[in-house]
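Undergrad: A single structure is presented below for examination.
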């Protein structure tokens, strides 16, 4: 039975825009669905409307409408398919431990994944902020914002008012950070000690904040978890304009009648996109939603380098050994394979380079089953290492890189997959049963949560559960390998990852 109960006396705080009433669970005050901005469709966010009296913040606010089809890929069947959706989605949630004597606690800001098209602030049960706030003694904030066609439709060709419509999704995040900076002290938080953290698309959003000049005053450091993706997940200005043109043609809207765009139901916008997308893809247009470089957003740091305003801020880059592994073996097949059968499988998969890859893998990961080679990732790992190295050029010794190489008891023990580490960071491993392994589930929760908490509080992830973690530099490519036994190594598998990338089957993403 849970040891905590909700208190009858409810906490009330005064914000810049009015009073909020939350709930108290154990020693944590919780406020949900707080409006941090408002916006006209496809326009930049503005401050929220002030209110009189006390606004109840008992329930989660609406999330951005989801473009996912009725039968999305299994890894996107999350809670966001069940929550209330609406275009007034600029809201955030706060878990705030009770404070004594006016102390100000560090602030941890979570930016959710799902690319730039799906997801929300409570995307999975394991993303709840209570445990990290309670045990870690930090203020936990999670953010909802505009996504997909509402956050990244490039209407710049249709009027000056739409000059940045392609980036209003990340502009919402800046508005949220501004709200946090101006109001978090009322919840016991320190506005001058704010750490951003995001996974996958959320990690990309953290990188976007490093690039935006107006975001720079509102945070001190960042954590990018499997978020340094490049290539097919980044839209170009040309492609984004082509998408908008095709959608508007499907809707019968021209520059002269662009005002009609405000009245088109969201479902019709999506239907027009789905009708236009196949032809666009055939013509080579990238139809995956994302921020686009323009006068507001200079581009992702892995492509254009880090913007001067935040280039010196500490950062952690992390990825997993497995990420998006696509191996056609079920548990029984894998567990029944002999060593010779595993080698034969790898040789069929990797061809003439298989034996060289096997030798490199055994050298880099001597405690792993040789079949783990098939589950390796390079799609995330290569841009992660490259972007971290770009950050290390600041010569501040504040670039940290980790690789989660732990094998989990799923599908016959496979390397940790995309997002597998997040439940450990939030101390919610008990909510993901396949990762709540006896002994090691708790051990990994201690490792991941403590490295994140120490970084959030002090800017340094080193802690008692890890060996000495050296930062990456332009010369020394240190990586903390988080496994059953952790070790910090320098360039331990660079040749392996490069060769793997050249020989392994490629994965492409067209979610919608």
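The values are calculated or read from the model by the stated rules, or taken from the named source; none is laboratory data. Just so you know, these numbers come straight off a predicted model, no measurement behind them. A quick note on method: Cβ atoms are made from the backbone with ideal geometry, for glycine too, and the neighbour counts reach across all protein chains shown.
Undergrad: Here are some residues: 229, 269, 248. Which one is part of a helix (DSSP H, G or I), under 28 Å from the mean Cα position of the chain (by Cα), touching a residue at least 12 places away in the same chain (Cβ under 8 Å) and not assigned by TED's automatic domain parsing to the domain that holds residue 425?
TA: Every option except 269 fails the conditions.
Undergrad: Those residues that are in a loop (DSSP other than H, G, I, E, B) and under 19 Å from residue 312 (Cα atoms), I need them from the range 434-461; list them, please.
TA: 459, 460, 461
Listed here are the residues, each with its yes/no results for (1) under 22 Å from the mean Cα position of the chain (by Cα); (2) surrounded by fewer than 20 Cβ atoms within 10 Å (Cβ to Cβ); (3) more than 20 Å from residue 387 (Cβ to Cβ).
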position: 413; (1), (2), (3): no, yes, yes
position: 430; (1), (2), (3): yes, yes, yes
position: 433; (1), (2), (3): yes, yes, yes
position: 445; (1), (2), (3): yes, no, yes
position: 451; (1), (2), (3): yes, no, no
position: 491; (1), (2), (3): no, yes, no
position: 496; (1), (2), (3): no, no, no
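Undergrad: Same structure, new question: Please verify whether the range 335-345 includes one or more residues that are more than 22 Å from the chain's Cα centre (by Cα), part of a helix (DSSP H, G or I) and at pLDDT below 95.
TA: yes
Undergrad: Return the residue satisfying two criteria in turn: it lies in the range 50-67 and is surrounded by fewer than 21 Cβ atoms within 10 Å (Cβ to Cβ) and over 15 Å from residue 89 (Cβ atoms), and of such residues it is modelled with the lowest pLDDT.
TA: The residue in question is 58.
Undergrad: Which of the residues belonging to the range 185-200 are assigned to a helix (DSSP H, G or I) and either surrounded by fewer than 24 Cβ atoms within 10 Å (Cβ to Cβ) or in contact with a helix residue (DSSP H, G or I) (Cβ under 7 Å, 6 or more places away or on another chain) (or both)?
TA: Residues satisfying the conditions are 185, 186.
Undergrad: Please enumerate the residues belonging to the range 472-485 that are touching a residue at least 24 places away in the same chain (Cβ under 8 Å) and surrounded by fewer than 19 Cβ atoms within 10 Å (Cβ to Cβ).
TA: Correct list: 473, 474, 477, 484, 485.
Undergrad: What number of residues in the range 414-433 are modelled with pLDDT of 90 or more and part of a loop (DSSP other than H, G, I, E, B)?
TA: The total comes to 8.
Undergrad: Which residue, of 373, 403, 389, is in the same structural domain as residue 462 (by TED's automatic domain parsing), part of a helix (DSSP H, G or I), modelled with pLDDT of 95 or more and under 28 Å from residue 348 (Cα atoms)?
TA: None of the others qualify; the one that does is 373.
Undergrad: Anything in the range 88-145 that is on the phi > 0 side of the Ramachandran plot and without any contact (Cβ under 8 Å) to a residue 40 or more places away in the chain? List them, or say none.
TA: 101, 102
Undergrad: Just wondering, is there one or more residues in the range 206-218 that are assigned to a loop (DSSP other than H, G, I, E, B) and surrounded by fewer than 17 Cβ atoms within 10 Å (Cβ to Cβ)?
TA: No, the range 206-218 contains no residue that is assigned to a loop (DSSP other than H, G, I, E, B) and surrounded by fewer than 17 Cβ atoms within 10 Å (Cβ to Cβ).
Undergrad: Of the conditions (1) in contact with a strand residue (DSSP E or B) (Cβ under 6 Å, 6 or more places away or on another chain); (2) under 30 Å from residue 275 (Cα atoms); (3) modelled with pLDDT under 95, residue 11 satisfies every one except a single condition; which number is it?
TA: Among (1) in contact with a strand residue (DSSP E or B) (Cβ under 6 Å, 6 or more places away or on another chain); (2) under 30 Å from residue 275 (Cα atoms); (3) modelled with pLDDT under 95, the lone unmet condition for residue 11 is (2).
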